[in-house]
Amino acid sequence: MKYDLKTVIILMSLFLISQIVGLGLIYKDMKVEVIEGKREVLHSETVLGPRPSLYGWETFVWIISGISISTGLVLLIVWLKKINWWKLLFFTSIFFAVSLALGTLLNPLLAFTLAFILALVKVLRPNIIVHNITEILMYAGIAILLVPLFDVLWVIILLLVISLYDIYAVFKSKHMVKMAKFQMKSRVFAGILIPFKKIKRGRKKQVVDAIIGGGDVAFPLIFSGVVMEGLVKSVQLTKEIAFLKTLIIPVFVTLTLLFLLFKGREGKFYPAMPFITAGCLISYVVILLI
C-alpha cells in the first residue's frame, strides 16, 4: 500500500468531495431551456468575462497547447530553482480559478475578494485546511470554464492523450516527478495533500505528504461535467436526473484511484491518469446502460 489506511481514506474522501462539489457548482452554473421542444444547456458569462469561442477539437488543441506552455514554464522555474517565481505563478492561478468557482455563488466583488484572501493565505501562510479548500475550488473553477467548450467525444480523446502523456512524464522523461518534488519543497503544491507521519528505522517519525496531483482532480471533473451536459442535450434528461446519474463517475474514479493506492508502493510515483481514464470510461458505459 502506498500510504497507511487512515491516510488513504482521508485522501480518497477529499478527492470524492472535490468531484461532487465541482459537479455541484457546474450544475448550478447550468441553465436549461426548452427550445423548439428540445432541452438546451446555456451558460452565462463567468466572473472573468465570456468563455473563449471554441468547441470540440478547437478546445482540445487549446488545452494541449496551454499544458505544453505551462509545463515548459514550470520546468524553467524548477531548473532555475526560483521558488518565489513559482509561488507568484501559483498565486495568480489560484486567484483566477477560485474566482471562477465562487462567481457561481457570490457577486463578482465578493468572489474576487474572497479568492484573493484565500490565494494569499495559501501561498504566504500555508495550512492543510486552506490548501485543500482552495484546491477543491480551483479545479471546480477550471471545470466551470471548460465544460461548456467540450463534447463527450473530444473530452474522451483528451483523457486518452493526457493518460499517455502522464505515463511518459512519470516513467520515461520523469519531469512530472521533478515538478512534484519541487512543489512539495516549496510547500505550494498543485493538488490534494495530506501530511502524515511515517515511522522510519530506529522508530523515528518523519512527516511526509500523501498527494493527488491537480490534473488528476481536474480532468475527471471536466469529464463528469461534459457527460452531465450531454445527458441533458442528447438524452434529453432533466438537469436534476442528469446530475444524479453523473454522480456514478466520481464513485468509479475514486474506486480506481483506491486500487492504485492499494497496489502502489511507498515512495514511488505512479501515473494516475490511466486509472482515472479507465474509471471515467467504465462509469460512462454504466450510465448509458441504466
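No value in this document is a laboratory result; all are computed from the given coordinates. Just so it is clear, the model here is predicted, and its values are computed rather than measured. Cβ sites come from the backbone with ideal geometry, for glycine too, and all protein chains shown count toward neighbours.
Look at the dipole of segment 1-130 built from charges on Cβ: of 67, 30, 90, the Cα furthest out on the positive end belongs to 90.
Mean separation of Cα pairs under 8 Å and 6 or more residues apart, divided by the residue count, gives the chain a relative contact order of 27 percent.
The simple Förster model, with R0 at 30 Å and r as the Cβ-Cβ distance, assigns residue 278 and residue 75 a FRET efficiency of 0.60. Potential lengthening of the chain between residue 114 and residue 288 amounts to 58.7 nm, from the contour at 0.36 nm per residue minus the alpha-carbon distance.
Relative contact order of segment 98-192, taken over Cα pairs closer than 8 Å and 6 or more residues apart, is 32 percent. Select from segment 223-290 those trypsin sites (Lys or Arg not before Pro) which occupy a DSSP coil region and have at most 16 other Cβ atoms within 10 Å, ordered by residue number. When the trypsin sites (Lys or Arg not before Pro) of segment 223-290 are filtered for loop state and at most 16 Cβ neighbours within 10 Å, 265, 268 remain. Each Cα pair under 8 Å and six or more residues apart adds its separation to the average, and for segment 47-141 the resulting relative contact order is 30 percent.
Cross-link pairs exceeding 31 Å in C-alpha to C-alpha distance, out of 122/233; 6/122; 82/268, comprise 122/233. So what's the Cα pair-distance distribution over segment 1-67, bin width 5 Å, in %? Bins of 5 Å from zero give 3, 12, 10, 14, 19, 14, 10, 8, 6, 2, 1, 0 percent of pairs. Of the GluC sites (Glu not before Pro) found in segment 34-89, those in coil by DSSP whose Cβ has at most 13 other Cβ atoms within 10 Å are 36, 45.
Could you size up the charge dipole of the chain around its Cα centre, putting +1 on the beta carbon of Lys and Arg and -1 on that of Asp and Glu, and report it in debye to the nearest 20?
I would put it at about 2020 debye.
Put a dot 7 Å past the Cα of residue 175, heading toward its Cβ, do the same for residue 13, and the two dots end up 3.8 nm apart.
If I take R0 = 35 Å and measure r between the Cβ atoms of residue 105 and residue 84 in this structure, what FRET efficiency does the formula 1/(1 + (r/R0)^6) give, to the nearest 0.05?
The computed FRET efficiency comes out at 0.65.
Distance from the alpha carbon centroid of segment 114-158 to that of segment 212-274 works out to 15 angstrom. The calculated FRET efficiency for the pair residue 187 and residue 36, based on their C-beta separation and a Förster distance of 41 Å, comes to about 0.15. Along its principal axes, segment 151-290 has C-alpha extents of 61, 30, 26 angstrom, given from the largest down. At 25 °C and a viscosity of 0.890 mPa s, what translational diffusion coefficient does Stokes-Einstein give for the chain, taking Rh as the Kirkwood radius over Cα pairs? Give it in µm²/s as a whole number. Value of D from the Cα-based Kirkwood radius: 125 µm²/s. For segment 233-241, the Karplus equation 6.51 cos²θ - 1.76 cosθ + 1.60, evaluated at θ = phi - 60°, returns couplings of 6, 8, 8, 6, 7, 5, 4, 5, 5 Hz by residue, with Gly and Pro reported as x. Approximating the spin labels as points 7 Å out from Cα along Cα→Cβ, the residue 262-to-residue 153 distance works out to 3.7 nm.
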